[in-house]
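Encoded as structure tokens, the structure appears first; notes follow it.
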Amino acid sequence: MIFILFLFGQIVLKAADAPVVNIQTAPCSIVPGQSDTIAFSITIKAGFHIQGTQLPDENMIPTQLEFDKDSLILLGDPILPQPHLFKMAGMPAEIPVLDSSFSIYIPFKISKFFKSGERIIKGSLFYQACDSVRCLFPKREPIELTFRIKNK
């Protein structure tokens with residue numbers, strides 16, 4: 001079943017049970033007091049893209065990553081790939097988008113006071129997926145970053 005809504009001059013498409021974005025995470029092993037980078041991969045369904053994090057129009061919905069704060073694991077700013085420009089039907093200008101498959105990297109530091117064990121930081125990816133002529137409703141997908149801390 002498909003629902004169509006006209007929003008901000010764009011046709012917004014609501015497709016039931018049509019996953020467009022797939023997020024894959026893997027645990028990261030580290031010892032207390034060290035810094036490293038954790039990565040997770042995103043695959044976007046063929047024919048779709050998600051908007052970049054910085055857009056030329058305030059009515060467009062940028063992709064955003066958010067994570068809970070943690071007292072023993074300090075997360076740095078996420079590092080996303082460089083978006084490419086895409087001209088969507090009916091839009092006056094090209095917009096920065098991400099598509100296909102890519103990885104996002106997040107630098108982090110584990111407190112030296114952390115004892116061994118596993119720690120999960122919850123977060124989310126907020127995005128709006130579009131094809132060449134219309135956009136789906138914005139969606140928030142959960143992400144869990146798993147850290148396995150080992151004593152030296």
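Taking trypsin sites (Lys or Arg not before Pro) across the stretch 77-128, the ones in a DSSP loop with at most 14 further Cβ atoms lying within 10 angstrom of their Cβ are Lys87, Lys112, Lys115. Taken about its Cα centre, the chain carries a charge dipole of about 620 debye when Lys and Arg each add +1 at the Cβ and Asp and Glu each add -1 at the Cβ. Counting only chymotrypsin sites (Phe, Trp or Tyr not before Pro) that DSSP places in a loop and that have at most 15 other Cβ atoms within 10 Å, the longest clean stretch of the chain runs over 9-112. Each principal axis of the Cα atoms in the chain has its own extent, and those three values, largest first, are 57, 31, 23 angstrom.
For Tyr105 and Lys69, calculate 0.36 nm times their separation in residues minus their Cα-Cα distance, and state this gained length in nm to one decimal. Between Tyr105 and Lys69, full extension yields 11.2 nm more. When cysteine pairs in the chain are screened for C-beta atoms closer than 4.7 angstrom, the residues that find no partner are Cys28. Applying a DSSP loop filter and a limit of 13 other Cβ atoms within 10 Å to the GluC sites (Glu not before Pro) in the stretch 48-152 leaves Glu58, Glu94. With a ≥ b ≥ c the root eigenvalues of the C-alpha gyration tensor of the stretch 104-152, is it rounded (a/c under 1.5), prolate (a/b larger than b/c) or oblate? Prolate shape, in that a/c is at least 1.5 and a/b is the bigger ratio. Taking every alpha-carbon pair under 8 Å whose residues sit at least 6 apart, the stretch 19-149 reaches a relative contact order of 35 percent. Cross-link pairs exceeding 20 Å between alpha carbons, from the set Lys109/Lys139; Lys87/Lys139; Lys69/Lys115: Lys109/Lys139; Lys87/Lys139.
Cross-link partners of Lys45 among aspartates and glutamates, defined as those whose alpha carbon lies under 16 angstrom from its own and excluding same-chain residues fewer than eight positions apart: Asp17, Asp99, Asp131, Glu141.
For the stretch 70-152, the pair-distance distribution built from all alpha carbon pairs, in bins 5 Å wide starting at 0, is 3, 10, 17, 19, 14, 11, 9, 7, 5, 3, 2, 0 percent.
Residue by residue, the stretch 19-35 carries 3J(HN,Hα) couplings of x, 10, 10, 10, 10, 10, 10, 9, x, 10, 9, 7, 9, x, x, 9, 10 Hz when phi is fed to the Karplus relation 6.51 cos²θ - 1.76 cosθ + 1.60 (θ = phi - 60°); x denotes Gly or Pro.
A simple count of charges around Leu75, restricted to other residues whose Cβ falls under 15 Å of its Cβ and scoring Lys, Arg +1 and Asp, Glu -1, yields -2.
Every read-out reported here was derived from the displayed coordinates using simple, explicitly stated rules and does not represent laboratory data. If you're wondering where the values come from, they're calculated on a predicted model, not measured in any experiment. Cβ sites come from the backbone with ideal geometry, for glycine too, and all protein chains shown count toward neighbours.
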